[in-house]
Amino acid sequence: MTREKVTGEVQNIFRDLFDDESIVIDDNTTADDVEDWDSLEHINLITSIEKHFSIKFAMSEVTHFKNVGNMIDTITTKVS
Amino acid sequence: MTFTTLYFLVFVAVVVLVYLLLPQKIKPHFIILASLVFYFFWKAWAPVFIIAFALFNFVMAKVLAKQKSKKFFVLLMSVSLSVILFFVFRYGIFNGIIAAITGGNTIMILFPLGFSYYMFKCVSYLIDVNNGTIAPEPRFDYFLIYVTYFPEVSMGPITRAVDFLPQIRIKKVIDTTALNKGLALVAWGFFKKIVFADMLASMINPYYNDLTLSNNGFAWFFVAFGFLLQLYLDFSAYTNISIGVSKMLGYDIKPNFNAPFFSQSISEFWRKWHISLSSWLADYVFTPLQFLLRRLGKFASIIPALITFTLIGVWHGGTSSYLVFGFSMGVLVAIDAIVARKRKKLKKTLPKSLFSTVGIIITMLLNILVFVFMRTGVAADGFAIIDKIFSFSTWSLQLGFGLEFFIIFALSIAVAICSHIIESRKDKFLDGFARLKLPVTWLVYLVVIFAIVLFGYYGPGYDAIEFIYIGF
């Protein structure tokens, strides 16, 4: 799966989870850019991504996510 | 040496003056000396304990970094030892053992001042080294500064090694703007503590010391509200002084409060109150537990919330009221997690100002009630006060307070709101103060000094009331 395709699917997960069709993510997106992205929604986001891509994150991977770009890099590595 | 004493002011003045004049190379070692002297003033044996504790963690970090296998086991052993030591001191187990051996002759071994705070510093340092977030500090003298640093040693903030250690290596030059900002924070802290926090304490303490003093539920509501105000003014004042002294020494410490009473939920409150502790627990307890339980849906947040906040309660002290305080906060945060989605939907349908005002009022009322348990020491007393507050038939406007109480109360609210506005504007307020012309700056300082002299809670026989959080 290409990085672009992963980005598109992660964006759809964001839109479903935060119930907001106007969300557009890019590599530099952080929790500050998405309303309601708090620690509770963060874990829901992680779980939704894991289910959608049938992958599992390690705790160390999640704690090192500085932005959506890091997250997409990790997902792309895991699914390819 | 309490921060709001003349001794401390003289100590800081001498330390800052000498520090600024010393050559760069000696500056870090002078901070160690000053910190150990500060700690020595508490108890003569205390510097030995803190050096030994720092050395243990310094060595274990090096071991962890070199360890190829069984890293987690080494980490677990090191952290467990610190935590066990914490509970042994906290619950006076040493005293019990000595009494058992000597047949009742007890030697009081006190809980080392600030151990709760520098233990957290060391534990997070070891976890961060283990996770590769930071490299182990190669110099013990620098690590010793981190652990013993006198503006933080007694009550925090719990600054992370990753934020502090690199600052030791930055060249410290005489910076009049930083000195001015630091002095302004110290003066603001003194003003909040001596004029308001201690004055409020003197008015509400008689009620907490004698629960029969009033049967009016409305009066007890004011007393409970007064303690929450006192706690904020007291602890935020300490933090202002701590950060102010650090600024004068050339160290930037992250804020510990960010307008907590403007929070619209209990979860938000804990992101803005005692930030260095709550973010520590969020990073090292709540988030790992939440991640571990992530497949359990809402329980993935409920269980970690209950565990984390119960730990906050136990960290404060070994009494039933702290346990009730922590567990109640855990329940409230868990409820926040359960209703989070509904709240968000409601937020979209209601006018923004109405939603935020109702949120702030509800959060404040819940805090007023739960923080009663932080004050009482015994859970039964806390429940008795809650019972009095909820006995609405006893509510009367004949509160039994003098005019002075209401004046102090109203002014304390005004000062707390000012403090919140300053916190929410981050550094803008301090930057603006530093840009004022020198005569204006000194005029402000003179007004503060006169306010403290004229209205401060002191006088013949006055002994500065200890900061509340120094007991934790």
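Details
- 12 Å beta-carbon shell around B:S124, net charge (K/R +1, D/E -1): -1
- Partner chain coverage, peptide B:287-295 - average Cβ within 10 angstrom: 4
- Counting only Cβ charges, +1 for Lys and Arg and -1 for Asp and Glu, the dipole size of the stretch B:244-399 around its Cα centre is about 860 debye.
- Across the stretch B:368-397, the residues whose backbone nitrogen lies under 17 Å from the label position 7 Å along the beta-carbon direction of B:N215 are B:384-397.
- Trypsin sites (Lys or Arg not before Pro) restricted to DSSP loop in the stretch B:127-194 with at most 16 other C-beta within 10 Å: B:R139, B:R169, B:K171
- Ranking of B:F11, B:F406 by count of other Cβ atoms within 10 Å, fewest first: B:F406, B:F11
- Spatial separation of Cα centroids for the stretch B:181-210 and the stretch B:1-63, in angstrom: 26
- Projected area averaged over orientations for the stretch B:106-150, convex hull of C-alpha atoms, nm²: 4.2
- Using the Cβ-Cβ distance between B:V83 and B:A135 with R0 set to 35 Å, the FRET efficiency works out to roughly 0.90.
- With at most 14 other Cβ atoms within 10 Å, longest stretch of chain A clear of loop trypsin sites (Lys or Arg not before Pro) (DSSP): A:1-55
- Per-residue mean of foreign Cβ neighbours for B:333-341 is 2 (Cβ atoms of other chains, 10 Å radius).
- Compactness of the protein assembly as shown, taken as the C-alpha radius of gyration over 2.2 N^0.38 Å, stands at 1.03.
- Distant alpha-carbon pairs in the stretch B:1-154 (separation over 23 angstrom), percent: 47
- Rg/Rg_ref, chain B, where Rg_ref = 2.2 N^0.38 Å and atoms are Cα: 1.01
- When the C-alpha to C-alpha distance is required to be over 23 Å, the pairs from B:K62/B:K254; B:K27/B:K181; B:K25/B:K181 that qualify are B:K62/B:K254; B:K25/B:K181.
- Relative contact order [Cα under 8 Å, 6+ residues apart], chain B, whole percent: 19
- Normalising the average separation of contacting C-alpha pairs (under 8 angstrom, six or more residues apart) by the number of residues puts the relative contact order of the stretch A:3-79 at 40 percent.
- In plain terms, the chain from B:L33 to B:V453 could stretch by 148.0 nm, reckoned as 0.36 nm per residue minus the Cα-Cα distance.
- Ellipticity at 222 nm from helices only: DSSP H runs of n ≥ 4 in chain B, each -39500 (n - 2.57), divided by the residue count, give -23000 deg cm²/dmol.
- Centroid-to-centroid separation of the stretch B:119-141 and the stretch B:364-432 [C-alpha atoms, Å]: 39
- Computed FRET value (nearest 0.05) for B:A380 with A:I55, which takes r as the C-beta separation and R₀ as 56 Å: 0.60
- Potential lengthening between A:S39 and A:K66 on full extension [0.36 nm per residue; Cα-Cα distance subtracted]: 8.3 nm
- Fewest-first ranking of B:S301, B:S267, using other Cβ atoms within 10 Å as the exposure measure: B:S267, B:S301
- Pairwise label distance in nanometres, B:K298 with B:I26, each label 7 Å out on the Cα-Cβ vector: 6.4
- From largest to smallest, the equivalent ellipsoid semi-axes obtained for the stretch A:3-79 from the alpha-carbon gyration tensor read 17, 14, 12 Å.
- In the stretch B:324-471, a dipole from Cβ-located charges (positive for Lys and Arg, negative for Asp and Glu) runs towards its positive end, and of B:L436, B:S412, B:F392 it is B:L436 whose Cα lies farthest in that direction.
- In terms of other Cβ atoms within 10 Å, B:M77, B:M364 run from fewest to most in the order B:M77, B:M364.
Throughout, read-outs are computed from the coordinates displayed, never taken from laboratory work. Please read these numbers as outputs of a predicted model, since none were measured by experiment. Positions of Cβ are backbone-derived with ideal geometry, glycine not excepted, and every protein chain shown enters the neighbour counts.
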